[in-house]
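Read-outs: derived from the displayed coordinates by stated rules, not from any lab. Not measured: the values here are computed from a predicted model. Glycine gets a Cβ as well: all are built from the backbone with ideal geometry, and neighbour counts include every protein chain shown.
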Amino acid sequence: MSLSSRLSSHPSDGKLRAYARMKRLATALLAAMAGIDVVSRLFEPRYPMLGFVRASAEAAMVGGIADWFAVTALFRHPLHLPLPHTAIIPRNKDRIGENLAKFVETNFLAPELIASKLERVDFAIQAAHWLAVPERGRQIAQWTLDFLPSLLAAIDDDDVRRFIHQNVAQRVRDIDTPLVVGTIADTLLEDNRHQAVVTELLEQLARLFEEHKPLIRQRVRDSTAWIWKKLSIDEKVSDNLIAVVDDTLRELSENPDHAWRVGFDEAIRHFVIQLRTSPDYLAKWEALKHRFVEHPALKAYLATIWRDIKTSIEQDAAAPRSYIKTRIEDAIAGIAKGLLEDAAMREKLNAWLRETMLAVVAGQRHAIARLISETVHHWDAATVTQKIELEVGRDLQFVRINGTVIGGIVGLLLHAIDVLLF
């Protein structure tokens, strides 16, 4: 399809209209020179001074036609004549695409050029100033809030529940139980650090026992025969029992070397050794983890987590005063304030952004160049010609106009020299 037909089918295309207008102007100027040449030749015998006009018009036509030929030869064969070195762009489109790709890669995507440009840009301060405007923070928060319900609706609940369960189960299975328990036990047993924990537990147990003494007395009384109640034997039994427990707890709490506590230490150490070395212990722990992750109660609990999260988000998004929106606005304001006040953080952020951008450009510069070259290669010759002509055709018409004008001036000067000298 020719540019003139494209122009008629796209009358609103500004570039096409401007190009057609300049093309008509250049052609009209050439036609005007031809008309002047004819008229001046007719009247030159009667008015010899018209020789200057004729010479100027004649040279202007030569210049205009030569430049028309040169401009036209870029895009097609002038007058449909297959002359050498015409239709330059259609015949060399692949080479043009390759050269364009190399030009862009070398002059625009070279790492040193990109690095130099990036060094002069303070991305962090620009982002900070942009985010510091309260209205922008509200817009971002509102956009996020408007987007959340659609995002939640698009998510399959069963997939999320399955994902949560699979990840929790996998994390539990990945736990090296002997290593974790053994490390904790070693840390506590080192320098008898566990004694403080044992003492605290005993003190808590003593306080709990003290709070439940009335209940213990009542249980002893309820379990005692009536005759012993008459003799108040039940009270003596309960008091003696409570006294024994009190004394035992106090001795255990106050004496780290108590036989029971020493036995407890030995039991822990033996347990750690067995846990690390015994295949039976390891198998028991693995079986316990398997029962835990496959237990219906755990699956039901994990299923409720996503349901509760989703419900909370939906309710908050619909609320007049959304907590999520407020928190997003506060976070954006905090980020902006922090960047504006912390020059060191800005520099770190800028360094990271520059490094990331440079890595992306350096890694993709060949791919970008290849994309340009392959895109031009897959275009047909007519498409390439029309695209380039549309972009530069209007400016090339000035070449025709300039050629016509300069040719006329040169023709006038040469005629004047001829008259003066000969």
At R0 = 41 Å the Cβ-Cβ FRET efficiency linking Phe43 and Arg21, nearest 0.05, sits at 0.80
If Thr404, Thr106, Thr86 are placed from fewest to most neighbouring beta carbons inside 10 Å, the sequence is Thr106, Thr86, Thr404
Residue span Arg173 to Ala259: 0.36 nm per residue of separation minus Cα-Cα distance leaves a gain in nm of 27.2 nm
Note: Leu113 to Ala359 extended length (0.36 nm per residue) minus current alpha-carbon separation gives 87.3 nm
